[in-house]
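The values are calculated or read from the model by the stated rules, or taken from the named source; none is laboratory data. Predicted, not measured: the structure shown is a model, and the values here were computed from it. Because the Cβ atoms are built from the backbone with ideal geometry, glycine has one as well, and the counts that use them run over all protein chains shown. All accessible areas refer to the heavy atoms of the entire protein, side chains included, with ligands and DNA or RNA removed. Shrake-Rupley method; radii C 1.70, N 1.55, O 1.52, S 1.80 Å.
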Amino acid sequence: MIEATRSEQPAAATELVQVTPSGDMLGAEITGIDVAAGFDETALMTVRDAVLRHSLVVLRDQNLSPAEQLAFTNRMGEVRPAPPPADGAHITSVPDYPQLLVVSNIVEDGRPVGISDAGLLWHSDTCFQAKPELFVTLYALEIPVRDGVALGDTRYVSTPGAYDALDAKTKERIDKLRVVQSYIYHMDKLERLGILTRSQLTEEQRRNTVELSHPLVRTHPITGRKLLYINEAFSDRIEGMPEEESRELLDELLVHITREDFMTRHHWQAGDLLIWDNCATQHLATFDYGTLRRRLHRCGTVGPIPV
Ligand code: SIN
């Protein structure tokens with residue numbers, strides 16, 4: 001299926017914009033937009049609509065400076081300022097662009113240029129914050145290739161799709177529950193699993209890290225769809241529920257969310273600009289490329305308090 005929009009101007013920058021769904025529950029490719037060349041409001045509306053409809057879209061063959069990625073993300077929504085160091089996150093940003101995080105395994109002059117362990121576990125970005133990001137852009141500068149095959153895919157699942165597939169009894173049981181989303185839980189879990197590669201939180205960082213809860217069943221702020229808002233990386237416990245029962249229920253739902261039929265897999269190419277709805281998805285990176293170079297820049301927009 002192809003959804004097409006003809007933009008009125010400028011003709012050179014925006015030809016026929018086409019949205020081609022991936023065929024999976026989520027994901028689509030948009031062609032006909034060269035972000036760096038500029039595009040009009042009609043094309044922007046097409047992109048926003050496609051992201052909301054398909055939760056994840058890719059624009060291939062882009063050539064973006066950090067300023068251009070930042071400006072594009074700003075048109076999707078107000079860009080989230082650089083996170084304060086007090087949240088305990090290990091942040092490495094593009095020089096002069098604190099809003100753009102570097103996701104990379106590259107080490108230059110003995111120093112990592114970016115965060116190398118993002119996406120080890122299924123997660124929705126910044127869900128441990130009061131106002132988690134709504135849209136995220138991730139731009140691929142260097143993608144590892146071995147024997148002609150691109151590596152380091154990212155998998156995404158549809159959280160409204162996972163909610164819709166639950167039976168009525170489960171929906172009723174989880175309807176009013178709230179879940180503690182915790183950065184401390186995340187760091188401790190990575191350590192427990194033996195995959196923590198950044199420094200563990202200091203006692204002071206632990207004391208300064210605010211733990212908060214969000215609804216387990218969240219309503220999307222724009223589409224109004226209900227969705228499952230828990231993930232294996234950050235979701236610690238259900239508020240007010242005995243620990244064992246809470247763990248059992250969360251684990252059961254976490255297995256459900258990552259079913260293949262709710263999933264799509266993004267095969268990266270350098271020049272890909274990926275945009276996702278961070279409320280309607282969660283994602284997992286694939287670490288199959290060893291020391292082959294991989295570098296992406298990410299930027300997110302401010303979202304509302306989850307309800
Ligand atoms: C992330 O989890 O935010 C990064 C995903 C990736 O590196 O593929």
Positive-end residue, the range 66-188 charge dipole about Cα centroid, Cβ charges, pick of Ser104, Gly148, Met187: Met187
Using θ = phi - 60° and Karplus 6.51 cos²θ - 1.76 cosθ + 1.60, couplings along the range 142-159 (whole Hz; Gly, Pro as x): 9, 10, x, 10, 10, 6, x, 10, 6, 10, x, 4, 10, 9, 10, 10, 8, 6
Whole-number accessible area per residue in Å² for the range 64-182, which is evaluated in the context of all protein chains at 1.4 Å: 43
Three-way shape call for the chain based on the alpha-carbon gyration tensor, with the a/c threshold at 1.5: oblate
Two-decimal Rg to Rh for the range 176-307 - Kirkwood Rh, Cα set: 0.97
Debye log10 I(q)/I(0) for the range 18-163, one point scatterer per Cα, at q = 0.19, 0.22 Å⁻¹: -1.55, -1.79
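Using mean Cβ contacts within 10 Å as the protection proxy, how do 39-45, 296-302 order, highest first? Write down the numbers at each step before the final one.
Numbers: 39-45: 16.9, 296-302: 22.1.
The packing order, highest mean first, is 296-302, 39-45.
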Extension reserve of the Thr291-Glu248 stretch, reckoned as 0.36 nm per residue once the Cα distance is removed: 11.8 nm
Simple spin-label estimate for Ala67 and Asp109 in nanometres, 7 Å along Cα-Cβ: 2.4
Other-chain or far-sequence residues with amide H under 5 Å of Leu56's (modelled H): Gly27, Ala28, Asp277
Vicinal HN-Hα couplings computed from phi for the range 283-296 (Karplus, 6.51 cos²θ - 1.76 cosθ + 1.60; Hz; Gly/Pro x): 9, 9, 8, 10, 9, 10, 10, x, 9, 4, 6, 9, 8, 9
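Report, in debye and to the nearest 20, how large the dipole of the range 128-262 comes out about its Cα centre when Lys and Arg carry +1 and Asp and Glu carry -1 on their Cβ.
On the way: 19 positive and 24 negative charges, 86 e Å.
The calculated dipole for the range 128-262 is roughly 420 debye.
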Distance between modelled label sites at Ala37 and Val302, nm, 7 Å Cα→Cβ extension: 3.4
The range 151-208 pair-distance distribution - Cα-Cα, 10 Å bins, rounded %: 16, 28, 30, 24, 2
Estimated dipole of the chain in Debye, rounded to 20 [Cβ of Lys and Arg +1, of Asp and Glu -1, Cα centre]: 260
Ala130 paired with Glu203, simple spin-label distance in nm, labels 7 Å along Cα-to-beta-carbon: 2.8
Of the DSSP H helices in the chain, those whose Cα atoms cover at least 18 Å axially and whose Kyte score averages 0.0 or more: 41-54
Normalised contact order of the chain, rounded percent, pairs of Cα under 8 Å and 6 or more residues apart: 30
Amide proton proximity set for Gln282, modelled H, under 5 Å, gap of 5+: Val157, Thr159
Burial ranking of peptide ranges 118-125, 27-34 (average Cβ count within 10 Å, highest at the top): 118-125, 27-34
FRET efficiency, Val255 to Arg60 (Cβ-Cβ, R0 35 Å, nearest 0.05): 0.60
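Using a 1.4 Å probe on the protein heavy atoms, what percent of the accessible area of the chain belongs to carbon and sulfur? Write out the running numbers ahead of the final one.
Working: 7130 of 14030 Å².
So the carbon and sulfur contribution to the accessible surface is 51 percent.
Based on Cβ point charges of +1 for Lys and Arg and -1 for Asp and Glu, what charge dipole magnitude is obtained for the range 19-174 about its Cα centre, in debye rounded to the nearest 20? Don't skip to the end; give the middle numbers.
Working: 12 positive and 22 negative charges, 104 e Å.
I would put it at about 500 debye.
Under 15 Å from the Cβ of Glu245, count the other residues' Cβ atoms, weight Lys and Arg +1, Asp and Glu -1, and hand me the total. The partial results should precede the final answer.
Working: positive: Arg173, Arg178, Arg237, Arg247; negative: Asp236, Glu239, Glu243, Glu244, Glu248, Asp251, Glu252.
Result for the neighbourhood of Glu245: -3.
Quick one: accessible area per residue over the range 185-307, 1.4 Å probe, rounded to a whole number of Å²? Provide the component values of the computation, followed by the final result.
Working: 5700 Å² over 123 residues.
Here the per-residue accessible area is 46 Å².
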Fully extended contour minus Cα-Cα distance, from Arg146 to Leu196, at 0.36 nm per residue: 15.4 nm
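What does the C-alpha gyration tensor say about the overall shape of the range 103-168? Classify as rounded when a/c is under 1.5, otherwise prolate if a/b is larger than b/c, or oblate. Each step should come with its number before you reach the end.
Working: a/c = 2.99, a/b = 1.65, b/c = 1.81.
Judged from the Cα gyration tensor, the range 103-168 comes out oblate (a/c at least 1.5, b/c at or above a/b).
Could you work out the helix-only [θ] at 222 nm for the chain, with each DSSP H run of four or more residues adding -39,500 (n - 2.57) and the total divided by the number of residues, to the nearest 500 deg cm²/dmol? If you can, show how the numbers build up before the last one.
On the way: 7 runs with 69 residues, N = 307.
Only helices count here, giving -6500 deg cm²/dmol.
Taking a ≥ b ≥ c as the square roots of the Cα gyration tensor eigenvalues, with a/c under 1.5 meaning rounded and otherwise prolate when a/b beats b/c, else oblate, which class fits the range 122-231? Don't jump to the answer; show the numbers that get you there.
Details: a/c = 1.97, a/b = 1.17, b/c = 1.68.
In terms of gyration-tensor shape, oblate.
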